[in-house]
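Please read the structure below before turning to the comments.
The values are calculated or read from the model by the stated rules, or taken from the named source; none is laboratory data. Quick caveat, the model's predicted, so the values are computed rather than measured. When we count neighbours, we look across all protein chains shown, and the Cβ atoms used for this are built from the backbone with ideal geometry, even at glycine. Accessible surface areas use protein heavy atoms only, side chains included; no ligands, DNA or RNA. Shrake-Rupley method; radii C 1.70, N 1.55, O 1.52, S 1.80 Å.
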Amino acid sequence: MMSLNKRILLSATGVLLIFIVGIALALDRAFYDSARLGVQDRMLARLLMLMGDAEVDDNGILEMPTNLLDTEFSRPNANTYAFIVDHTKKVVWQSTSALNKKLPELGLLEKGVKDFSQIEINHEPYFMHRYGVAWATESGSYPMTFNVIMDTSLFDAQIERYREDLWGWLSVMTVLLLVTQMLVLRWGLQPMRQVSVELSAIESGKQENVVGNYPSELKLLTDSINSLINHERKQQKRYRNALADLAHSLKTPLAILHNAVSIRHNKPEEKTVSEQIERMDNIIQYQLRRAATAGSSPGMRPILLYPVASRIVKTVRKAYHDKNPGITVAIDKTISLRIDEGDLMELLGNLVDNAFKWCDRQIVLSAVRHQERIAIQIRDDGPGIARHEIARILERGVRADQSIPGHGIGLAIVRDIIQVYGGELSIEQNTPKGACITIYLNAK
């Protein structure tokens with residue numbers, strides 16, 4: 001799914017662009033109407049000046065002076081020209097600027113009627129302003145229509161320049177607004193990004209809680225996250241302490257029962273009871289140790305593998321000081337795992353203990369990176385594990401009372417811990433003899 005930052009940025013950008021385009025179209029239309037109205041007013045002023053120059057005698061004959069008030073009409077090939085139509089729809093006068101230009105055929109307007117429109121002459125656009133008058137003399141009234149025509153080249157050039165300036169400045173404003181919007185959005189969402197950074201740090205084990213100072217809108221969220229993390233840690237600690245207390249409580253009565261039965265072994269029933277007590281002890285130990293496995297959780301800190309492995313090797317070596325086999329620890333000191341330290345010690349402790357128990361002279365404990373996983377391998381030169389037993393221990397759901405003979409519940413515990421962390425377990429025959437156990441765990 002698209003990030004919150006991109007969603008807000010895209011939506012705000014879309015709204016801004018629609019707003020800018022709307023403003024541009026509104027301003028363009030307003031300027032166009034204003035410019036057109038300005039042309040209409042200028043042409044009306046020329047009509048009035050032309051009417052001021054006109055004179056009609058008593059016989060209804062129109063007289064126009066040589067020097068007009070509007071000198072534009074006196075220039076040949078000017079972009080503005082005029083002509084006057086009498087009641088017979090005959091052109092009775094035209095300006096010098098109208099020479100060699102086609103005049104449209106127009107009717108007579110009623111007295112006082114004005115008409116402004118855009119027409120085409122020879123497929124070229126023109127503005128035309130007309131004014132109908134009734135010239136009153138002593139002999140009567142003479143209707144006439146004054147016409148002024150102007151081409152649209154200046155008007156079109158003005159509109160084009162305006163649109164270039166308008167879209168140019170609006171483009172600059174749009175870029176500035178987008179940049180400002182991005183900066184404001186980045187500043188506004190900074191607390192959200194900081195929360196994300198802190199949650200990533202908690203997940204990777206770099207910190208234990210959310211410690212930043214956040215706005216009131218996020219304060220409730222961060223406080224709830226911290227409360228949940230602390231509650232989960234306390235709950236897990238109480239759970240593991242309760243299991244430890246349970247294991248200690250059961251250990252004493254089982255030991256008493258075992259000692260009481262072990263005094264005499266004459267009867268088969270007593271021997272059977274002793275075996276079942278020992279079996280119960282193994283099952284309880286297995287289930288308690290299995291339940292105590294912490295498993296992967298957010299905020300778990302990476303643990304360096306080499307120090308833990310070295311400490312376990314030293315501890316187990318003391319227990320087998322009479323045997324004293326040679327052991328090689330080939331682990332890169334930079335390799336780390338996201339795993340509970342107690343689970344890692346339980347995992348390696350069982351593997352190393354089994355290796356010491358069954359080896360003849362040599363043990364090799366190694367670990368290497370394999371893509372996104374860590375491969376931990378322990379090899380010994382003992383009798384190894386039968387193939388049919390290997391297949392059975394790798395099956396899921398094997399109970400503690402079905403553990404491999406001679407290996408106790410150690411490999412069952414190893415298998416369960418690996419499954420909790422989403423890893424894999426591989427058991428093979430070592431060359432030339434012995435067992436080779438490999439576990440794969442996620443590096444992150």
**Message:** 7 Å from Cα along Cα→Cβ at both MET2 and GLN40: what's the point-to-point distance in nm?
**Reply:** 4.5
**Complete:** Here the relative contact order (percent) of region 1-79, from C-alpha pairs under 8 Å and at least 6 apart, is 15
**Fill in**
Rounded to 0.05, the calculated FRET efficiency for the beta carbons of ARG317 and GLN207 at R₀ = 30 Å is 0.25
**Asked** Under a 5 Å amide H to amide H cut-off, with H placed in plane at 1.01 Å, what residues pair with ARG75 once short-range neighbours are removed?
**Response** SER97
**Message:** Could you give each residue of region 197-202 its phi-based ³J(HN,Hα) in whole Hz, using Karplus coefficients 6.51, -1.76, 1.60 with θ = phi - 60°, and x for Gly or Pro?
**Reply:** 5, 5, 5, 5, 5, 5
**Prompt:** Given R₀ = 35 Å, FRET efficiency for GLU124-PHE19 by Cβ-Cβ distance, to 0.05?
**Reply:** 0.40
**Request:** Excluding residues fewer than 8 places away in the same chain, name every one of the aspartates and glutamates whose C-alpha is closer than 19 Å to that of LYS102.
**Result:** GLU72, ASP86, GLU120, GLU124, ASP151
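Among rounded, prolate and oblate, which fits region 79-131 when a ≥ b ≥ c are the square roots of the eigenvalues of its C-alpha gyration tensor, a/c under 1.5 means rounded, and a/b larger than b/c means prolate?
Oblate, because a/c is 1.5 or more while a/b does not exceed b/c.
If I stretch the segment between ASP165 and GLU217 completely, what's the gain in nm (0.36 nm per residue apart, minus their alpha carbon distance), one decimal?
14.3 nm
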**Prompt:** Mind checking the dipole of region 135-201: about its Cα centre, +1 per Lys or Arg Cβ, -1 per Asp or Glu Cβ, Debye to the nearest 20?
**Reply:** 560
**Prompt:** Carbon and sulfur together cover what percent of the accessible area of region 322-372 at a 1.4 Å probe radius?
**Reply:** 45
**Prompt:** When ranked by the protection proxy of mean other Cβ atoms within 10 Å per residue, highest first, what sequence do the peptides 37-45, 225-233, 76-84, 349-357 form?
**Reply:** 349-357, 76-84, 37-45, 225-233
**Request:** Provide the per-residue ³J(HN,Hα) series for region 62-78, in order, calculated from phi with Karplus coefficients 6.51, -1.76, 1.60 and θ = phi - 60°, each as a whole number of Hz, with x at glycine and proline positions.
**Result:** 7, 10, 10, x, 6, 9, 7, 4, 8, 5, 4, 6, 8, 9, x, 6, 5
**Fill in**
Expected sort for 314-320, 437-443 on mean C-beta neighbours within 10 Å, highest first, is 437-443, 314-320
**Request:** For region 1-136, with all protein chains present and a 1.4 Å probe, just round the carbon and sulfur fraction of the accessible area to a whole percent.
**Result:** 55
**Message:** When a/c reaches 1.5 or more, the comparison of a/b and b/c decides; with that in mind, is region 1-84 rounded, prolate or oblate per its Cα gyration tensor?
**Reply:** prolate
**Asked** Could you list log10 I(q)/I(0) for region 109-170 at q = 0.25 Å⁻¹, which the Debye formula gives when each Cα is one point scatterer?
**Response** -0.97
**Prompt:** Here are some pairs, LYS323/LYS433; LYS206/LYS314; LYS206/LYS234; LYS234/LYS318; which of them have Cα atoms lying more than 27 Å apart in this structure?
**Reply:** LYS206/LYS314; LYS234/LYS318
**Message:** Cross-link candidates for LYS90: which aspartates and glutamates have Cα within less than 20 Å, leaving aside residues fewer than 8 places away along the same chain?
**Reply:** ASP53, GLU55, ASP57, ASP58, GLU63, GLU105, GLU110, ASP115
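With a 1.4 Å probe and every protein chain left in place, work out the accessible area per residue of region 1-133 in Å², rounded to a whole number.
Details: 8170 Å² over 133 residues.
Computed with neighbouring chains in place, this is 61 Å² per residue.
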**Request:** Please give the contour-minus-distance gain from VAL197 to HIS231: 0.36 nm per residue of separation, less the Cα-Cα distance, rounded to one decimal in nm.
**Result:** 10.1 nm
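With a 1.4 Å probe and every protein chain kept in, tell me what percent of the accessible surface of region 171-210 is carbon plus sulfur.
70
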**Prompt:** Once phi is turned into ³J(HN,Hα) by the Karplus curve 6.51 cos²θ - 1.76 cosθ + 1.60 with θ = phi - 60°, what whole-Hz value does each residue of region 145-161 show in order, with x for glycine and proline?
**Reply:** 10, 8, 10, 10, 10, 9, 6, 9, 4, 5, 4, 5, 5, 5, 4, 5, 5
**Message:** Apply the a/c threshold of 1.5 to the C-alpha gyration tensor of region 1-146 and tell me whether it is rounded, prolate or oblate.
**Reply:** prolate
**Asked** By average Cβ neighbour count within 10 Å, what is the ranking of 373-381, 86-94 from highest down?
**Response** 373-381, 86-94
